[in-house]
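A short reminder: the numbers here are calculations on the coordinates, not readings from a lab. As the structure is a computational prediction, the values presented were derived from the model and not from experiment. A quick note on method: Cβ atoms are made from the backbone with ideal geometry, for glycine too, and the neighbour counts reach across all protein chains shown.
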Amino acid sequence: MSLPGHPHIAYRNGALHIEDCPAADLAQRFGTPLYVYSRGSMLAALAPYQRALAGRRHLVCYAVKANPNLSVLQTFARAGCGFDIVSGGELERVLAAGGDAGKVVFSGVGKTRREMARALEVGVRCFNVESTAELEALSEVAQAHGKRAPVSLRVNPNVDAKTHPYISTGLTHNKFGIAHEEALAAYRRAAELPGIAVHGIDCHIGSQITEPGPYLDALDKVLDLIEAVEAEGIRLTHIDFGGGLGITYTDEAPPAADALITALLKRLDDRGHGQRELILEPGRSLVGNAGVLLTEVLYLKPSAHKNFCIVDAAMNDLLRPTLYEAVMGIVPCAPRAGAAEHTWDIVGPVCESGDWLGRDRRLAVQAGDVLAILSAGAYGMSMASHYNTRPKPAEVMVDGAEAWIVRERETVADLFAREQLAR
């Protein structure tokens with residue numbers, strides 16, 4: 001029985017499987033906490049993007065920030081993807097994984113001159129510029145290196161993505177992009193700068209978006225702006241429409257990727273822009289439901305007011321519940337048939353009251369059981385920390401019945417290996 005939204009994660013013969021690997025066996029073999037990723041799930045999530053865009057000029061750029069593990073990046077590079085990066089470190093990860101710099105778009109509001117120079121050196125596809133100050137700096141860096149930087153301007157269309165405020169990026173009070181009403185002047189300036197080559201326009205309105213309306217509203221505003229820019233003689237060859245498509249964590253019902261893209265392409269065609277190359281930057285929708293975090297139950301702490309199930313994973317391993325109050329599925333790897341269920345708060349060992357992974361969950365559970373936190377493939381390990389001097393988990397990739405380590409578990413010694421005692 002597959003779990004809703006997780007076609008590659010299913011119960012078979014009373015045991016949770018990730019593809020063909022029993023989750024409890026993975027926990028025993030590699031230890032916990034443990035991130036596990038399904039390669040088949042990632043490729044299956046990519047397929048509708050590629051199917052809907054077939055026959056169109058396009059580039060699918062995986063958003064590295066969602067999950068930057070080298071094996072994940074390698075999987076998408078081999079599938080023909082480009083990459084959306086937001087730092088020089090992410091650029092180096094892409095290159096180390098065999099990614100093509102010519103398929104990289106460099107986003108982010110705070111690119112340093114050193115990062116700009118390195119990106120120019122390796123030949124990234126495009127810089128998504130987010131302010132006029134950045135535009136001026138990039139022109140200077142490009143000139144100093146005898147180059148012209150390919151750019152698109154990230155435009156903020158002031159469209160509500162109807163998502164959590166921390167991951168909404170398309171409103172006027174967000175730090176991202178150039179305000180829609182200021183964009184035309186910014187394009188005029190870009191066309192004047194000697195170190196800049198204007199290529200396109202970029203728009204990204206947020207993450208975990210679960211309805212098509214905000215996308216279509218934003219696209220209309222972008223197309224209006226394209227027409228105004230080109231009326232000034234500045235040609236734009238591509239539209240980078242970002243990513244942000246949501247996934248099913250509990251009961252969300254986001255549109256299928258191919259259905260959303262079909263609607264976007266129709267709007268482009270209806271308005272006479274079907275010839276333009278379309279760049280998309282999916283992240284969560286490609287890896288979110290491909291990953292789980294396995295964690296062992298350490299202690300049960302029932303009380304008159306609250307029952308606590310204390311596990312060995314914590315907020316430093318998975319920040320989303322604490323940061324966003326995100327609700328993520330939590331299921332047993334080996335359900336206890338016939339055992340009585342109780343309501344538990346699933347909490348970790350970190351010394352913070354905010355260290356919780358799930359609240360008010362009905363589970364039949366005992367110490368030593370292994371739980372699977374679902375939909376943990378995006379913004380899980382990528383946001384992990386060493387708080388309380390806790391080593392980060394290991395990461396494992398699964399492909400059919402095979403499973404192998406793609407990031408070794410850290411040791412405590414690793415955490416202070418680069419520190420020195422005072423003199």
Run the numbers for A47 and E181: contour at 0.36 nm per residue of separation, minus the present Cα-Cα distance, in nm.
44.6 nm
What is the magnitude of the charge dipole of the range 107-282 about its Cα centre, with +1 placed on the Cβ of each Lys and Arg, -1 on the Cβ of each Asp and Glu, and no other charges, expressed in debye to the nearest 20?
620 debye
Here, K147 and T343, labelled 7 Å along Cα→Cβ, have an inter-label distance in nm of 5.8 nm
Relative contact order of the range 107-282, please, whole-number percent, based on alpha carbon pairs below 8 angstrom and at least 6 residues apart.
20 percent
Can you give the helix-only mean residue ellipticity at 222 nm for the chain, where every DSSP H stretch with n ≥ 4 adds -39500 (n - 2.57) and the sum goes over all residues, rounded to the nearest 500 deg cm²/dmol?
-8000 deg cm²/dmol
Pop a pseudo-label 7 angstrom from the Cα along the beta-carbon direction at both R362 and E410 and give the gap in nm to one decimal.
3.8 nm
If each residue of separation counts as 0.36 nm, what is the full-extension length gain between D269 and D220 once their alpha-carbon separation is subtracted?
16.4 nm
Among the trypsin sites (Lys or Arg not before Pro) in the range 13-62, which ones are in a DSSP loop with at most 13 other Cβ atoms within 10 Å of the Cβ? Mind listing them?
R57
Give the cross-link partners of K392 among the aspartates and glutamates, using a straight C-alpha distance below 13 Å as the criterion and excluding same-chain residues fewer than 8 apart.
D312, D317, E408, E410, D414
Around A117, under 12 Å between beta carbons, what's the net of Lys plus Arg minus Asp minus Glu among the other residues?
+2
Considering only the range 107-282, what is the antiparallel percent among its DSSP beta bridges, to the nearest 5?
5 percent
Past 27 Å, Cα to Cα: identify those pairs from K111/K266; K111/K147; K65/K301, in the order given.
K111/K266; K65/K301
Note on the chain: contact order normalised by length, alpha-carbon pairs under 8 Å, 6 or more apart, percent, works out to 19 percent
log₁₀ I(q)/I(0) of the range 190-286 at q = 0.21, 0.25 Å⁻¹, via Debye over equal Cα point scatterers, no solvent, to two decimals?
-1.06, -1.37
Per the charge dipole of the chain (beta-carbon charges, Lys/Arg positive, Asp/Glu negative, Cα centre), the residue among A79, A218, V327 reaching farthest to the positive end is A79
Only Lys, Arg, Asp and Glu count, each charged at its Cβ (+1, +1, -1, -1), so figure out the dipole size of the chain about its Cα centre, rounded to 20 debye.
500 debye
Ignoring solvent entirely, what values of log10 I(q)/I(0) come out of the Debye formula for the range 107-282 at 0.10, 0.15 Å⁻¹ when each Cα is a single scatterer?
-0.38, -0.84
What size of dipole, in debye to the nearest 20, comes out for the range 260-408 about its Cα centre when the only charges are +1 on Lys and Arg C-beta atoms and -1 on Asp and Glu C-beta atoms?
380 debye
Considering the zone a paramagnetic label at A259 would reach in this model (a point 7 Å from Cα along the Cα-to-Cβ line), which residues of the range 46-71 have amide N under 18 Å from it?
46-53
Per principal axis, largest first, the Cα atoms of the range 1-92 extend in Å by 46, 32, 19
